[in-house]
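Student: Mind having a look at this structure? Questions to follow.
Derivation of every value follows stated rules applied to the coordinates shown; laboratory data play no part. Quick caveat, the model's predicted, so the values are computed rather than measured. So basically every Cβ, Gly included, is an ideal-geometry build from the backbone, and we count neighbours across all protein chains shown.
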Ligand code: GAP
């Protein structure tokens, strides 16, 4: 039992309001609700013209850091990591072997009165105790304890009869079940407020089902992948046989994943269709612990390179009761967590770095060849030679140099990382004229790198600005715009996070210089028109 959480970090929340971020994303073409003209569909989002550009830039940064220019390993050489793009629908037997058909479940509770459905492990049971009358009762909700109290204020006032109370949170599935069983009190539905209307939690499989071919029977049943990772395990041997890679090596993949989440929430943070960026790093079982530490550091560095501040990022080791179905006891997962506006002052998951052991390769080996689990084992010739040179005994060499590799898996959400980048960049600017907000994206991620403007749409200025734009767009995503007052054009660029604007005015015609206007400070200076490309290259890092 833990005491009620401390008050949310008021400064952070005041600055980073999720409602304002969602509204800005819609208004400026980053993210729209899917099927909006039909009233939307819960848990699905469309990325607008600027959102897809931002998301692609984050994806490209990840692909470059993993596949095109992988990090330098402990031996001083770049790691071997290759790319893959596997099918979303695979043979359904693969999902049985991987444990997803049997074990990829969330506990779900329904309200019998209003038919709302909840993730039982997300429900927070808040116990209110009134010492004067020795009364205590439970209210149930989602969110911070303060929000739950606020929502249930009337009921609490009625029950307290003016007495001072103390609040304790009892979060989590286990406590929830325990309390329900104790019969000490009845839960109140967080949605409709009905007492005792929540059902016992039931397990609910998160995979979306579909049918392959014309006949819709059980034999035709297939699944939309709930993680990109399995496509990598299914192709492990193909990659090993066709590419010049040896253990340790990685296979990286970016793509859509689908989960029929019980309660999609917090904008794109938890949606039913999302994108993942996953890399499975195959290594010797004895080295897996060191590789996990290695990848923790590399992944944290990558998030910092996106402009996320160190104060907003933490590591969190999973508790024992959070272990995934593939994690053996003693081999854990560590999450990189971000301080989201809806979790502050706490943090929520951004990426998991798991030690998946040999669970998946083993499972697929056994499923395909039940008599032997050696099918996907790896013969490590280098290790064999090393052990021979060290004079190790023959049987010991044999035992140690054939093994099923262990896997360290940095599993990131592309759509979740995009949201983190937007939340970090979102900066209210009450003091600034024109724009209410700035999106302070790291320049290399900004959907548009530069706005190119004639000060006025006449007097020969558009021709010069247009030429500059046509030259620059070969290298940078730029926008040319000649309409509206210049202040309004700058304000729009601030709100979509464009780091630089270049303005051609009457002086340009005589001295070949343009105004550079910087997004974050609003400061203006002048540079030669033929220096613009070099200036942008330096600032954007290309
Ligand atoms: N292969 C391991 C795996 O899928 P996970 O922690 O379930 O692990 C990895 O997912 C990442 O994918 C998460 O850290 C998160 O960034 C993202 N993710 C998972 N479920 C999501 C959802 N419903 N909506 C958006 N992103 C999600």
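Student: Can you sort 510, 401, 35 from fewest to most other Cβ atoms within 10 Å of each residue's own Cβ?
Tutor: 510, 35, 401
Student: So what is the relative contact order of the stretch 448-540, in percent, for Cα pairs below 8 Å that sit 6 or more residues apart?
Tutor: Dividing the mean separation by the residue count of the stretch 448-540 yields 28 percent.
Student: Could you tell me the relative contact order of the chain? Use alpha-carbon pairs under 8 Å, at least six residues apart, and round to a whole percent.
Tutor: 13
Student: Follow-up question, since we're still on this one. Ranked highest first by the average count of other Cβ atoms within 10 Å around their residues, in what order do 497-507, 258-268 fall?
Tutor: Listed from highest to lowest mean packing, they are 497-507, 258-268.
Student: Please arrange 477, 333 by counting, for each residue, the other beta carbons lying within 10 Å of its beta carbon, fewest first.
Tutor: So the ranking, lowest neighbour count to highest, is 477, 333.
Student: Sort the following peptides by mean Cβ neighbour count (other Cβ atoms within 10 Å, averaged over residues), highest first: 468-476, 444-452.
Tutor: The peptides rank, most packed first, as 444-452, 468-476.
Student: Shape verdict for the stretch 448-540, please, from the Cα gyration tensor: rounded (a/c under 1.5), prolate (a/b greater than b/c) or oblate.
Tutor: rounded
Student: Just check the stretch 193-249 against the gyration tensor rule for me: Cα atoms, a ≥ b ≥ c as the square roots of the eigenvalues, rounded for a/c under 1.5, and otherwise prolate or oblate depending on whether a/b exceeds b/c.
Tutor: oblate
Student: Could you please state, rounded to a whole Å, how far the C-alpha centre of the stretch 482-502 is from the C-alpha centre of the stretch 352-418?
Tutor: Their Cα centres are 53 Å away from one another.
Student: Related question: For each of 427, 199, 508, count neighbouring Cβ atoms within 10 Å of the residue's Cβ, then give the residues from fewest to most.
Tutor: In order of increasing Cβ crowding within 10 Å: 199, 427, 508.
Student: Can you classify the chain as rounded, prolate or oblate using the Cα gyration tensor, where a ≥ b ≥ c are the square roots of its eigenvalues, rounded means a/c under 1.5, and otherwise it's prolate if a/b beats b/c and oblate if not?
Tutor: It comes out oblate by the Cα gyration axes.
Student: Give me the number: length gained by fully extending residue 256 to residue 129, i.e. 0.36 nm times residue separation minus the C-alpha to C-alpha distance, one decimal in nm.
Tutor: So the chain would gain 41.1 nm between residue 256 and residue 129.
Student: Hey, another quick one. Using only Cα atoms, locate the centre of the stretch 237-301 and the centre of the stretch 192-229, then give the distance between them in Å, rounded to an integer.
Tutor: Each part reduced to its Cα centre gives a spacing of 24 Å.
Student: Using alpha carbons only, how many angstrom separate the centre of the stretch 117-134 from the centre of the stretch 65-112?
Tutor: 36
Student: Add -39500 (n - 2.57) for each DSSP H run of 4 or more in the chain, then divide by its residues: what number comes out at 222 nm, to the nearest 500 deg cm²/dmol?
Tutor: -9000 deg cm²/dmol
Student: Sort the following peptides by mean Cβ neighbour count (other Cβ atoms within 10 Å, averaged over residues), highest first: 407-420, 205-218, 234-247.
Tutor: 407-420, 234-247, 205-218
Student: Could you work out the relative contact order of the stretch 61-170? I mean the mean sequence separation of Cα pairs under 8 Å and 6+ apart, divided by the number of residues, in percent.
Tutor: 17
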